[in-house]
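Participant: Let me begin by handing over the structure; questions about it come next.
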Amino acid sequence: MAKRSARYVCQSCGAVSTKWGGKCDACGEWNSIVEEVDGGGIGGGPGRKPRKGRVVPLVPLAGATESAPRIRCGIPELDRVTGGGFVRGSALLVGGDPGIGKSTLLIQAAAALARAGEQVVYISGEEAIAQVRLRAERLGLLDAPVRLAAETSVEDILTTLDTGDRPALVIIDSIQTLWTELVESAPGTVTQVRTSAQSMIRFAKESGCTVVLVGHVTKDGTIAGPRVVEHMVDAVLYFEGDAAGHFRILRSVKNRFGPTDEIGVFEMTGKGLREVPNPSELFLGERSRASPGAAVFAGLEGSRPVLVEIQALVAPTALGTPRRAVVGWDSSRLSMILAVLEAHCGVRFGQHDVYLNIAGGLRIQEPAADIAVAAALVSSLAGVALDPDCVWFGEVSLSGTVRPVAQAQLRLKEAEKLGFASAVCPAAQGSEERGSDMRLTTIGQLAELVAKIAA
Ligand code: TYD
Ligand code: MG
């Protein structure tokens, strides 16, 4: 028998080395290297000869195709994020912090599908059957014909799924609790998680079931242990929001069968997750009207326009190095906007702390928020409230030029629908985007914005 050798595997990126170290050379993570026994695994152990392969048919690129068959789960916000429903035979990863509501979302989806007549299997590796039932009871889902199991062995799960009716959807909660006999590492290690995920994904492809894997996210925002799983699955959805607040955002960050950057918005209530079909109203709901430092950004999340309040607080500092704190936006992007305001508009922040917050727990990635952020910053510094009926959008370049953004018409329409009367947008966008009753102010340079607020 071949000698089993120890190897050291980074639990963050999966890189393998022959000796232990405090820091992974591949991804730079500290304290992530763990000894794992190389028991062979799928590829065969050391010394094992690979079998001779068989000839696989090669086909031309052109040929009959069918659009991916989908099953809608009946929760429109979830169907939107998956791109129109779960694709049969695909594997999805739903990631999120512990306690954010992943199990709640998936048991609700499972129940909705089961009520629609599909076969659904929910496998809980974290909670006992009684706990899952208790949650289902609280959510009023006990009548849904979902089939349950509390199991963590991949071999047992696969054998169970192979007998009886083929389910349309299999939910594994969570991938970190699974273990397979193919490898000898401990459950939860990157090798176990990767190999278990591989087995489940192969099952999805071969059987045509949709497999949803739940994964916990670590503090730094990556799926605990196996970032590798993200590369293996067809779609990755993140469930985010601050656990203290009650709004949750389901975001698609990878989707082989649909758009990414699509979001679904939910509210956590005493009776589970409730959909929020109009997120703008929600993010603007607690708006403090007409106070300095608040600007409404007409944003876009995936295909959907979302209006959100950007709040800035610029306050004199007692510190040698002033503070810059950001929640919900990119901090290097904030530094850039501050630098452009200083260099091209003569606005000085050197003696001020700057705090920036996106209301409602939303995280904005669009550069189109640049001028809304700049407006909020200048408004707070000057102590002048902005027009509460105005929305802002436009990207700022390092030279201080305001650049056009995508889908201006959609943003303006949403703002108009919600009762906003005017908008400040990039000059290049002003003329082409007529057709609404909104009063448009176009700006070409960031300095014009500063002059407008100070005036
Ligand atoms: P859960 O789905 O268990 O989170 P995860 O699977 O992501 O770890 O959700 C747990 C939280 O949700 C918990 O803090 C309680 C809260 N919750 C509600 O507020 N209402 C409900 O109806 C349910 C089921 C949970
Ligand atoms: Mg859970």
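The values are calculated or read from the model by the stated rules, or taken from the named source; none is laboratory data. This structure is a prediction, so every number in the text was calculated from the model and none was measured. Cβ: placed from backbone, ideal geometry, glycine included. Neighbour counts: every protein chain shown.
Participant: Looking at (1) outside any loop (DSSP other than H, G, I, E, B); (2) free of Cβ contacts under 8 Å to residues at least 60 places away in the same chain, can you tell me which one S399 breaks?
Facilitator: (1)
Participant: Would you confirm whether any residue within region 157-164 is within 16 Å of ligand 2 (Cβ to nearest atom) and of a type outside the set (S, T, N, Q)?
Facilitator: Scanning region 157-164 turns up no residue that is within 16 Å of ligand 2 (Cβ to nearest atom) and of a type outside the set (S, T, N, Q).
Participant: Given the conditions (1) over 23 Å from V211 (Cβ atoms); (2) in a strand (DSSP E or B), report the number of the one that G245 does not fulfil.
Facilitator: Failing condition for G245: (2).
Participant: Residues of region 99-135 being aliphatic (A, V, I, L, M), part of a helix (DSSP H, G or I) and in contact with a Phe, Trp or Tyr (Cβ under 8 Å, 6 or more places away or on another chain), which ones?
Facilitator: L105, L106, I107, A110, V132 - these are the residues of region 99-135 that are aliphatic (A, V, I, L, M), part of a helix (DSSP H, G or I) and in contact with a Phe, Trp or Tyr (Cβ under 8 Å, 6 or more places away or on another chain).
Participant: Does D156 meet the test of being part of a helix (DSSP H, G or I) and among the acidic types (D, E)?
Facilitator: yes
Participant: Among the candidates V233, V214, which residue alone is under 18 Å from R70 (Cβ atoms) and either buried (at least 24 other Cβ atoms within 10 Å of the Cβ) or at pLDDT 95 or above (or both)?
Facilitator: That would be V233, the only listed residue that is under 18 Å from R70 (Cβ atoms) and either buried (at least 24 other Cβ atoms within 10 Å of the Cβ) or at pLDDT 95 or above (or both).
Participant: Another question, if that's okay. Just checking, which of E395, E366, E416 is touching a Pro at 6+ places or on another chain (Cβ under 7 Å) and either closer than 23 Å to V276 by Cβ or at pLDDT 95 or above (or both)?
Facilitator: Only one candidate qualifies: E395.
Participant: Okay, moving on. Under 7 Å between Cβ atoms, which residue pairs at least 6 apart in sequence (or on different chains) link something in region 369-382 that is surrounded by fewer than 24 Cβ atoms within 10 Å (Cβ to Cβ) with a partner that is in a helix (DSSP H, G or I)?
Facilitator: Partner pairs satisfying both residue conditions: S379/I453; A382/I453; A382/A454.
Participant: Could you grab the pairs with beta carbons closer than 6 Å, sequence gap of 6+ or different chains, first residue in region 44-65 and of a type in the set (V, I, T), second one modelled with pLDDT under 70?
Facilitator: none
Participant: If I go through region 108-124 residue by residue, how many of them are in contact (Cβ under 8 Å) with a residue 12 or more places away in the chain and surrounded by fewer than 16 Cβ atoms within 10 Å (Cβ to Cβ)?
Facilitator: Qualifying residue count for the region: 2.
Participant: Report yes if F257 is among the aromatic types (F, W, Y) and either within 16 Å of ligand 2 (Cβ to nearest atom) or more than 16 Å from V81 (Cα to Cα) (or both), otherwise no.
Facilitator: When the stated conditions are applied, F257 does not pass them.
Participant: Enumerate the pairs (first residue in region 125-142 and closer than 23 Å to G215 by Cβ; second residue anywhere and among the β-branched types (V, I, T) and assigned to a loop (DSSP other than H, G, I, E, B)) with beta-carbon separation below 7 Å, excluding pairs fewer than 6 apart on the same chain, so at least 6 apart or on different chains.
Facilitator: Final answer for the pair search is G125/T152.
Participant: Test L169 against the stated conditions and say whether it is out of contact with any Pro (no Cβ under 7 Å at 6 or more places or on another chain) and in contact (Cβ under 8 Å) with a residue 60 or more places away in the chain.
Facilitator: The answer is yes for L169.
Participant: Say we look at region 159-169 and pick out the residues that are surrounded by 15 or more Cβ atoms within 10 Å (Cβ to Cβ) and assigned to a loop (DSSP other than H, G, I, E, B); which of these is farthest from the chain's Cα centre (by Cα)?
Facilitator: Only one residue tops the list, namely P167.
Participant: OK, next. Can you give me the number of residues within region 89-105 that are within 8 Å of ligand 1 (Cβ to nearest atom) and among the hydrophobic types (A, V, I, L, M, F, W, C)?
Facilitator: Residues flagged as within 8 Å of ligand 1 (Cβ to nearest atom) and among the hydrophobic types (A, V, I, L, M, F, W, C) within region 89-105 amount to 2.
Participant: Name the pairs whose Cβ atoms lie under 9 Å apart, with the first residue in region 95-107 and in the same structural domain as R133 (by TED's automatic domain parsing), the second within 8 Å of ligand 2 (Cβ to nearest atom) and in a loop (DSSP other than H, G, I, E, B), and 6 or more positions between them or separate chains?
Facilitator: Listed pairs, sorted by first residue: K102/S174; S103/E126; S103/E127; S103/S174.
Participant: In region 5-14, is there at least one residue being part of a strand (DSSP E or B), modelled with pLDDT under 80 and more than 16 Å from ligand 1 (Cβ to nearest atom)?
Facilitator: yes
Participant: Got a sec? Which strands (runs of 3 or more DSSP E) wholly within region 250-331 have at least 1 residues that are modelled with pLDDT under 90, surrounded by 18 or more Cβ atoms within 10 Å (Cβ to Cβ) and not assigned by TED's automatic domain parsing to the domain that holds R135?
Facilitator: In region 250-331, the matching strands (runs of 3 or more DSSP E) lie at 294-301, 304-316.
Participant: Continuing with this model, one more query. Checking V212 against (1) touching a residue at least 12 places away in the same chain (Cβ under 8 Å); (2) out of contact with any Leu (no Cβ under 6 Å at 6 or more places or on another chain), only one condition comes out false. Which one?
Facilitator: Unmet condition: (2).
Participant: Let me ask something additional. Is one or more of the residues making up region 88-109 more than 14 Å from ligand 2 (Cβ to nearest atom), among the β-branched types (V, I, T) and either modelled with pLDDT of 90 or more or on the phi > 0 side of the Ramachandran plot (or both)?
Facilitator: No: region 88-109 contains no residue that is more than 14 Å from ligand 2 (Cβ to nearest atom), among the β-branched types (V, I, T) and either modelled with pLDDT of 90 or more or on the phi > 0 side of the Ramachandran plot (or both).
Participant: Can you name the residue in region 169-211 that is over 14 Å from Q11 (Cβ atoms) and small (G, A, S) and, of all such residues, is modelled with the lowest pLDDT?
Facilitator: Ranking the qualifying residues of region 169-211, first place goes to S174.
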